[in-house]
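Written out below as structure tokens is the structure these notes cover.
The values are calculated or read from the model by the stated rules, or taken from the named source; none is laboratory data. Quick caveat: nothing in here was measured; it's all calculated off a predicted structure. Note that we place each Cβ from the backbone using ideal geometry, even for glycine, and neighbour counts take in every protein chain shown.
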Amino acid sequence: MIEMRLSQSGPIHILIITELRQLIISGILTEGAKLPSIRELAVHLGINPNTIQRAYRELKAEGYLYALLGKGWFVSRKQDMGIMGDKRRDSLLTTFDETTRELQYLGLDKQSLLQRLDSIKV
């Protein structure tokens, strides 16, 4: 079963989305991996199944998940993310640009930002 840390405050479906996205990005959930059923994960986390369903649907809209009727939910392959992945990438790049501008305003120079980028493990 997937272990998630939902101890932060905020809407539960957003916490689930964030946690699942991180599990996918970090490689803990690999391409093609089957996720727990909506009911299984809801019981495991002690939350309403509609909350899980909403999180899965939003991750599908971002391109991270896909569903097969009668089989369940799966992690998408990067090359299959298509337009949804492009939209997510554009959204993240906009956030990146805004954050970078703010960090530069707060005194970080280009070299510090590049060092930070180089230190990120993918």
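Here are a few things to note about the model shown:
- Region 86-122, subset exposed (fewer than 10 other Cβ atoms within 10 Å of the Cβ) and among the small types (G, A, S), residue nearest to T30 (Cα to Cα): S119
- Contact map, region 25-36: first residue surrounded by 12 or more Cβ atoms within 10 Å (Cβ to Cβ), second residue part of a strand (DSSP E or B), Cβ cut-off under 6 Å, separation 6 or more or different chains; pairs are L29/V75; E31/V75; A33/V75; K34/G72; K34/F74; L35/W73.
- Region 58-112: number of residues that are small (G, A, S) and assigned to a strand (DSSP E or B): 2
- Residues that are in contact with a helix residue (DSSP H, G or I) (Cβ under 8 Å, 6 or more places away or on another chain) and surrounded by fewer than 11 Cβ atoms within 10 Å (Cβ to Cβ) were ranked within region 1-24; the one that is modelled with the lowest pLDDT is M1.
- Hey, A55 among the small types (G, A, S) and part of a helix (DSSP H, G or I) or not: yes
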